[in-house]
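Notes follow the structure.
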Amino acid sequence: MNILLQTQELKKYFPVVRGFLFSQTRGWIKAVDGVDFTLYEGQTFGLVGESGCGKTTVVKLVLLLEKPTSGSIFFRGRDINRIKRDMLKQYRTSVQAVFQDPYSSLSPRMRVESIIAEPLKASKLLPEKQRRERVEAVLREVRLDHDALRRYPHEFSGGQRQRIALARALSTRPSLLVLDEPVSALDVSVGAEVMNLLKDLQEELGLTYLLVAHNLATIRHMSHHIGVMYLGKLVEMAPCEEFYSHPLHPYSQGLLHAASRGGAVTEGLMLTGEVPSPLNPPAGCHFHTRCFAMKRVCSEIEPLLKEVTGGHLVACHLC
Amino acid sequence: MKYKGLKEAVRHSGLSLRRLGQFLIRRKGRPGYIVIPIVILGLFVFVGAFGPLLAPHSATETNLSIRYQPPAWDADGSWKYPLGTDHLGRDILSRILVGARVSLTFALLAVGLAGIIGTLLGLIAGYYGSWIDAIIMRLVDGVMSLPLILVAMAIVVVFGPSFVNLLIVLGCLMWAFYARLVRGDTLSIKEKDFVALAKIAGCSSPRIIAHHIFPSLVHSLVVLATLQIGLVILMESALSFLGVGIPPPTPAWGVMVADGRSVLDIAWWVSLFPGLAIGAVVLAANLFGDWLRDKLDPRLRQV
């Protein structure tokens, strides 16, 4: 398997500034604190975690909407924060994104045709005539009718809009699609349709996905590898089926337990309490304040991500 | 019999005073009074375009033998000069009709100039943020704190009164309103996903501003510009009245009001009619602007 994108010790800290005239940095929010993961070509990496755990910041870093505080992102072996302008342009065309809210991701005063063609226009990738053909081609790929081109976004439903957003993302023939909660704003049935479409497209076009979601079922349906984030750190990483059959980290077990709901609620596995503030995370293992299996060592020493079985990594003293 | 037929016809056509009243006050829950300002503004624009063709007399030619003719309905008046004449024997009606063009072009140009400067600076401040934003917004605060009329007077006194000077002065003082509005809107629009996605698509900043942010601002701008038209006409009239506006013999409404100031007790019509014209147009522009705001952008109520 070829590696498409890899992050190394990726960190993003946001300063907390207080004061008006003589502002001072009072601390740092460690939104992403040393995250390493690898995207293999043609596969999906699913990133799960509760809200506020840093998933979206990872997405912003990969999309170059934010600069990392430290660490690197390698795309086909090149550090994307240290490449030249023309290479950067190439990166822009080979990485595209679909966001959560289809109502805010389409420019309200542009026709669907211009919306889909915009990445092509901005990157001057194709001459006018081929551009038009490409737009029609991607429209067919997302199963939308040809007459959608002349209409405006507000004339479409949420699912249709999400497919327009997808068509736009596909127009430059990217190799990596970043999907930030692509179906969580949609009805269940519409969401399932979009997910299946995404899976089909992955097969047809050999796309690589970085999928971010809080819904475990979505992640399971789509992903080949899974990473679980908690307060800016990856706490567990494993191939999909391995993760769902043998979750190791107590947090992952709690998440899966909360999602299953079907059987009796096992008292110990319930996730209780609030996520601690990322401004002042607990010492040792960040999760120890909510962990059912907490030992003394957990509040003192921070566990590192280590490989337990083939390809299954976990950051926990107890595993 | 004849009248009965007419009454019958009116009834069948659905026209009645009562209906007209209902129409003007309330129509499908919304005030229908808006017809009046629209008619006044329409008339204003029409007269502004064709005024000189409609005027029965020259607006600038003087004839001292007919000075201070009263309006037509006065015992001494004649229909030759329906609204009377001023201290130089010029026809008031003709001067109002010709003066409409001065007010209209001035208002459009001043609002346009202020709008262009303000929108550009507001977009830049809102989009780029940081120190650029700080500089532009402090400039806005500075301009906003100036007493408009006083500064306009001072500048015009230095550079001499002329149409162009007055235009530049008002344009350079009133852009701040637009900059503040546009910056605020830009700040909220730039956080929308479609702007992030445009960046991801590789769009340049000018392209994002022009294609994604500006189109969402247009209706706030239209509302503000409409409200500002009334204000600009008022300012221009005030400055002309004070003698630092549009210089004579151009028939500006403000100058005309000033002309009759000293003779209000014997020739009230010289000041009254141009004053009414100013009042009607400014009121109509404000009412129309308010209505437009409620329709397009109720959020703007504080402007």
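The values are calculated or read from the model by the stated rules, or taken from the named source; none is laboratory data. In this text, all values refer to a predicted model and were calculated from it rather than measured experimentally. With ideal geometry, Cβ positions are generated from the backbone for all residues, glycine too; neighbour counts draw on all protein chains shown.
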| field | Candidates A:S184, A:S157, A:S189 - the one that is touching a residue at least 60 places away in the same chain (Cβ under 8 Å), more than 15 Å from B:L197 (Cβ to Cβ) and of a type in the set (G, A, S) | value | A:S184
| task | Among the helices (runs of 4 or more DSSP H) lying completely within segment B:2-98, list those that include at least 2 residues that are modelled with pLDDT of 75 or more, within 27 Å of the chain's Cα centre (by Cα) and among the charged types (D, E, K, R). | result | none
| request: With respect to A:E66, determine if the residue is more than 9 Å from chain B (Cβ to nearest Cβ), within 20 Å of A:L179 (Cα to Cα) and of a type in the set (D, E). | output: yes
| said: Among the residues in segment B:171-184, are any touching a residue at least 24 places away in the same chain (Cβ under 8 Å), in a helix (DSSP H, G or I), surrounded by fewer than 21 Cβ atoms within 10 Å (Cβ to Cβ) and within 14 Å of another protein chain (Cβ to nearest Cβ)? | reply: no
| request: Return a yes/no flag: does segment A:177-193 have any residue that is touching an Asp or Glu at 6+ places or on another chain (Cβ under 7 Å), within 14 Å of chain B (Cβ to nearest Cβ) and more than 27 Å from A:F74 (Cα to Cα). | output: yes
| said: Any residue in segment B:59-81 that is on the phi < 0 side of the Ramachandran plot sitting within a Cβ distance under 9 Å of a residue that is exposed (fewer than 12 other Cβ atoms within 10 Å of the Cβ) and of a type outside the set (D, E)? List the pairs, counting only those 6 or more apart or interchain. | reply: B:A72/B:W79
| query | Of all the helices (runs of 4 or more DSSP H) wholly in segment B:186-252, which have at least 3 residues that are within 9 Å of chain A (Cβ to nearest Cβ) and among the aliphatic types (A, V, I, L, M)? | reply | B:193-200
| said: Would you confirm whether or not segment A:104-125 contains a residue that is in contact with a helix residue (DSSP H, G or I) (Cβ under 8 Å, 6 or more places away or on another chain) and under 28 Å from A:G311 (Cβ atoms)? | reply: no
| message | Please return the ranges of helices (runs of 4 or more DSSP H) entirely within segment A:178-295 where 1 or more residues are surrounded by fewer than 19 Cβ atoms within 10 Å (Cβ to Cβ) and basic (K, R). | response | A:188-205, A:216-222
| message | Considering only residues that are more than 18 Å from A:L234 (Cβ to Cβ) and of a type in the set (S, T, N, Q), which ones fall in segment A:289-319? | response | A:T289, A:S299
| request: Test B:G122 against the criterion of being in contact with a Lys or Arg (Cβ under 6 Å, 6 or more places away or on another chain), in contact (Cβ under 8 Å) with a residue 12 or more places away in the chain, in a helix (DSSP H, G or I) and not acidic (D, E), and give yes or no. | output: yes
| field | Criterion: among the hydrophobic types (A, V, I, L, M, F, W, C), touching a Lys or Arg at 6+ places or on another chain (Cβ under 8 Å) and within 30 Å of A:I3 (Cβ to Cβ) - qualifying residue of A:C319, A:C285, A:C240 | value | A:C240
| said: Being in a loop (DSSP other than H, G, I, E, B), out of contact with any Pro (no Cβ under 9 Å at 6 or more places or on another chain) and surrounded by 22 or more Cβ atoms within 10 Å (Cβ to Cβ) is the filter here; which residues of segment B:259-295 pass it? | reply: none
| field | Those helices (runs of 4 or more DSSP H) lying entirely in segment A:75-159 with at least 2 residues crowded, with 18+ Cβ neighbours inside 10 Å and within 11 Å of another protein chain (Cβ to nearest Cβ) | value | A:85-94, A:112-123
| request: Kindly indicate whether A:V58 is more than 13 Å from every other protein chain (Cβ to nearest Cβ), surrounded by 20 or more Cβ atoms within 10 Å (Cβ to Cβ), aliphatic (A, V, I, L, M) and more than 25 Å from A:A31 (Cβ to Cβ). | output: no
